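What follows is a set of notes on a single structure, which appears directly below.
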Amino acid sequence: MNEPVLRIDSLVKHYGQVRAVDGLSLTIGQGEVLGLVGESGSGKSTVGKCVLRLTEPTSGTITLGGRDVTHLSRRAMRPLRRDVHMVFQDPYSSLNPRFSIEQIVSEPLLRHKVMRRREAGERVAAMLEKVGLRTEMMSRLPHELSGGQRQRVGLARALVLEPKLVVADEPVSALDVSVQASVLNLITDLQRDMGFSCLFITHDLSVVEFLADRIAVMYLGKIVETGPTAELFAGPRHPYTQALLSAAPVPDPARARERRRIVLGGDVPSPLDPPAGCRFHTRCPLAFDACRTVDPALTDPRDGDHPAACHLVTPERRPDAAVPGRTLEY
Amino acid sequence: MSLLDITDLTVGFDTEDGHVHAVKEVSLSLEEGEILALCGESGCGKTVTAMSVPRLLPPRTTRLTGSIRLDGRELTTLPEPQMRQVRGKEVSVVFQEPMTSLNPSFTVGFQIAEVLRRHENLSRGAARRRAVELLELVGIPAPAQRIKEYPHQLSGGMRQRVMIAIAVACSPRVLIADEPTTALDVTIQAGVLDVFRDLRDRLGTAIILITHDLGVVADIADRAVIMYAGRAAEQAPVEELFARPLHPYTLGLMKALPAAAVAAGPGGRRRLAEIPGMVPSPLADPAECAFHARCPSGQDDCLAARPSLVRHGPAHLAACFHPARSGEQP
Amino acid sequence: MADPMTVSVGAIRVGSPAERRRRLWRRFRRRPMPMAGLVLVAGFLLLALVGPLVTGDPIIQDYAATLAPPSAAHPMGTDDLGRDVLARIASGARVSLQAGVLSTLLAMVAGIPIGLLAGFYRRWLDPLVGRLVDVTLAFPFLVFAVGLAAIIGPSLTGVVLALGFAQLPAVIRITRGEVLAIKEMDYVSAAIADGAADGHILLRYVLPNCAGPLIVQATVAIPTAIIGEATLSFLGLGVQPPTPSWGVMLTVAQQYLDVAPWLAIWPGLLIALATLGFNLLGDGLRDVLDPRSGL
């Protein structure tokens, strides 16, 4: 099998007392789009920052294309940055307001000495065309563009070096629906044409259902469930994923009103002091004694590639004997 | 006569770049106990329309014509001292950002009680008891303890519930909620929407819900107005609107949702329906259909005149010369 | 209650740099107060740069006409030694301008790099710079100026050094604050993620984006320095007679307030006008220069 483009092993990132990411592992294969889903405070954005070494992991390893980059110096990291780029959420703060669009998109080319300034113009123009912007835009400044156009410039900057991996952190959640649609189409088209792998970080389930090959659901710094998109949406195994899916707004009044929503009690606990045992037990409608003490590991009951971190997934391996009446089918 | 009647509301703002046409000739009504959604993308005029009711627009630059009647009483010409009585007591507002809407230096109990003492002349003790009841009403657990807490001690969802409690403290006839769940996670959003539903059912409060999210509209609204470029494009009961959208813009919005593409079928090159082009500048007010340039079914007559809202069903109005045929599904 | 209304205009502005500058100017021109400031500052510059060439010698004494009230020959009157007040005001403007601009320049040249580095390397440099700024702020300005005057002698150089030093903390703090805000911007993260070197990020991403507040700071610092120069010269710690400075002129004027009030009125008025002009201009620039204001 091919070496995965990205492999994260037992990643931990603590900001002081805050445990943003607490033991997370995942891999992304070549040309694969992994949707990393979580609500605010789940630590999903921190994962992206660690991959790009915008923040230093507390422990764990990050392997890019087979090379452990966790402890590389900034200088040693620099050549590797050609292959990994990022797309940001906020179209207003992600572009230097003093640079023209041409400067913004040509920066990576010049920095990695792919070509000289004179030749870069053509490449930039071609890239802008690819993301659906006219070449007249090259001399403009970011504030002269709409939100959707800026996000396209951000994509052009991330893709101009034809990277192997793109980390996209909520790239469409600041956009209006109609603009979001065109940017999502663009991302899927470019991904298919250029074949890059993608870590797509979002809170929006419908977006990853649309474009991801595989989904990983995060809760309080850990992955609680991961699996192929269709399989996970058809049969979510973790109670949190089930609640998340049932709470997502559905643009269909009949379905929206008839469905049974699983309303979670309480709030997300503070990552300063995550609950012992399973982190979800304080809000889980199915929690029982063992959940308060034993942290369940990611396991797939059918030994496939759809594991969930819940004691109820593998009843026979549960730490206490069977608790009557508690199954995931509810 | 409806509870609230807005007739031919036109709102503009004088800016340094010229006159901004924010809302143009909007007419709508709100019945007692009804949840009406004002829906559209940024800049469509949904917020300005709603905020014209409590007159929360910058007075120096706002040019407003038309009529707004609450229980038959004209609000646009009401002197400011009487308007202050209307605001908060008869019409109240919940804003999007619960953190900036609460005063960080007072307990939530104090802030609720302050409203009650100002508008209802309640004694200190009575206001306090009522504050506890209100927190209970909006689903905050252990309200007697919570009233002693400061805003920063509460989570985003809890803060938004406190804001709702303050807004309904004086049992307003009309509650205006401006994107009340946009800043919240989906699992929290579901609970807050339930609070609105519950308020309507128990107190009969009429609610104007400003939102860009068709999922929220489908979930909670009775009737919806889709706005585009300052005008109402379509108006219908929610079931009817989703089952039989008539305006090409409404149809475009629904098709642009990722959920729609996923529902349309798995596999293959899934694409979202895009709405090409951009929203026209609000500085101009051309006498043609504002959606014409982006419209898939636009024809020459759309340029010759501006379509007005035409009745297509008992409560279904659309402003389009070439509405979608009833067979066309979103 | 929070302001519910930020009406998004949504119009996309397009244009070449020249058009952008025209738009900036159009926007500035419509505001009466900044325009008044601009006029005052232009007048001050004209007085300082051209004035001394047109008016007479500010040092030549005429004992036949001491303390003469304003007249055709001496539009602003003469002082106790019969020197033309207009000529002295014009030369004094030049001294004021020098003190204001040079001290501000000094503070900027020294303060901006310190602020940039302190904001960028928060971990190790920032605490050190923070303490230094605190110490500078705690040091009484006048004591410092007296000490400096004692060492190098009272002079314009001393004034510029003392004023520059006094402005340093403000410049460092403003720069540092801007850097902290800009560092959080995604475009800086993008540059880091792309492997940009620190120097490149500081010079091409951070510095240009904190220029606006620094220009505004300069327009506030110059009038402060003009008053500072006048104060130090008034106290005898600055420019020495017979060189005319508005502060020196005020020192002399206080002895003759009863007989020749114009001696105090002219320099006092000009200090006030020059200060007001720079402050009004600064306020206008603050509004117009912010690129986020969509220009």
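Picking from residues in the stretch B:134-181 that are touching a helix residue (DSSP H, G or I) at 6+ places or on another chain (Cβ under 7 Å), more than 14 Å from chain A (Cβ to nearest Cβ) and charged (D, E, K, R), the one that is farthest from B:Val48 (Cα to Cα) is B:Lys148.
Considering A:Leu109, A:Leu133, A:Leu95, A:Leu64, the condition of being under 16 Å from A:Pro163 (Cα atoms) and over 20 Å from the mean Cα position of the chain (by Cα) is satisfied by A:Leu109 alone. Taken as a whole, the structure leaves A:Glu162 outside the set of residues that are of a type outside the set (Val, Ile, Thr) and within 12 Å of another protein chain (Cβ to nearest Cβ). Scanning the stretch A:136-157 for residues that are surrounded by fewer than 18 Cβ atoms within 10 Å (Cβ to Cβ) and more than 16 Å from C:Tyr187 (Cβ to Cβ), we see that the one that is nearest to the chain's Cα centre (by Cα) is A:Ser146.
What do you reckon, is C:Val14 part of a loop (DSSP other than H, G, I, E, B), surrounded by 15 or more Cβ atoms within 10 Å (Cβ to Cβ), within 14 Å of chain B (Cβ to nearest Cβ) and modelled with pLDDT under 80? No. For the stretch B:88-120, filtered to residues that are at pLDDT 90 or above and part of a loop (DSSP other than H, G, I, E, B), the residue that is nearest to the chain's Cα centre (by Cα) is B:Glu90. When the residues of the stretch A:233-267 are filtered to those that are within 7 Å of another protein chain (Cβ to nearest Cβ) and β-branched (Val, Ile, Thr), the one that is nearest to A:Gly43 (Cα to Cα) is A:Val263. Applying the condition of being modelled with pLDDT under 95 and touching an Asp or Glu at 6+ places or on another chain (Cβ under 7 Å) to the stretch A:33-47 and asking which residue is farthest from A:Arg214 (Cα to Cα) yields A:Ser40. Taken over the stretch A:204-220, the criterion of being in a strand (DSSP E or B) and more than 10 Å from the chain's Cα centre (by Cα) is satisfied by A:Arg214, A:Tyr219. Among the criteria (1) modelled with pLDDT under 75; (2) buried (at least 16 other Cβ atoms within 10 Å of the Cβ); (3) of a type in the set (S, T, N, Q), the one C:Thr55 does not fulfil is (1). Of the helices (runs of 4 or more DSSP H) entirely within the stretch A:49-138, those holding at least 3 residues that are touching a helix residue (DSSP H, G or I) at 6+ places or on another chain (Cβ under 8 Å) and free of Cβ contacts under 8 Å to residues at least 60 places away in the same chain occupy A:101-111, A:117-130. Cβ separations smaller than 6 Å between residues 6+ apart or across chains give the following pairs from the stretch B:194-215 residues that are away from every other protein chain (no Cβ under 14 Å) to residues that are of a type in the set (S, T, N, Q): B:Leu199/B:Thr205. Inclusion of A:Leu95 among residues that are within 13 Å of chain B (Cβ to nearest Cβ) and crowded, with 18+ Cβ neighbours inside 10 Å is not warranted. Of the residues C:Val146, C:Val159, C:Val179, the single one that is modelled with pLDDT of 90 or more and within 25 Å of the chain's Cα centre (by Cα) is C:Val179.
Working only within the stretch A:210-232, note down all residues that are facing chain B (nearest Cβ under 9 Å) and touching a residue at least 40 places away in the same chain (Cβ under 8 Å). Passing the criteria: only A:Leu211.
If we keep just the residues of the stretch C:243-295 that are small (Gly, Ala, Ser) and part of a loop (DSSP other than H, G, I, E, B), which is modelled with the highest pLDDT?
Residue satisfying both the conditions and the ranking: C:Ser245.
Please specify each residue of the stretch A:176-203 satisfying the condition of being part of a loop (DSSP other than H, G, I, E, B) and in contact with a strand residue (DSSP E or B) (Cβ under 8 Å, 6 or more places away or on another chain). Hits for the stretch A:176-203 are A:Phe196, A:His203. If the condition is being within 14 Å of another protein chain (Cβ to nearest Cβ) and of a type in the set (D, E, K, R), then the stretch A:119-148 contributes A:Arg134, A:Glu136, A:Arg140, A:Glu144. Checking each residue in the stretch B:176-185 for being surrounded by 24 or more Cβ atoms within 10 Å (Cβ to Cβ) and either of a type outside the set (Gly, Ala, Ser) or over 29 Å from B:Ser2 (Cα atoms) (or both) picks out B:Ile176, B:Pro180, B:Thr181.
Among B:Ala273, B:Ala290, which is away from chain A (no Cβ under 13 Å), closer than 25 Å to B:Val217 by Cα, part of a loop (DSSP other than H, G, I, E, B) and touching a residue at least 12 places away in the same chain (Cβ under 8 Å)?
Being away from chain A (no Cβ under 13 Å), closer than 25 Å to B:Val217 by Cα, part of a loop (DSSP other than H, G, I, E, B) and touching a residue at least 12 places away in the same chain (Cβ under 8 Å) holds for just one of B:Ala273, B:Ala290, which is B:Ala290.
Scanning the stretch C:160-183 turns up no residue that is surrounded by fewer than 19 Cβ atoms within 10 Å (Cβ to Cβ), outside any helix (DSSP H, G or I) and out of contact with any Leu (no Cβ under 6 Å at 6 or more places or on another chain). Of all the criteria given as (1) buried (at least 22 other Cβ atoms within 10 Å of the Cβ); (2) closer than 21 Å to A:Val268 by Cβ, the one not satisfied by B:Gly139 is (1).
The values are calculated or read from the model by the stated rules, or taken from the named source; none is laboratory data. What you see is a predicted model; the values in this text were computed from it and never measured. Note that each Cβ is placed from the backbone with ideal geometry, even for glycine, and that neighbours are counted across all protein chains shown.
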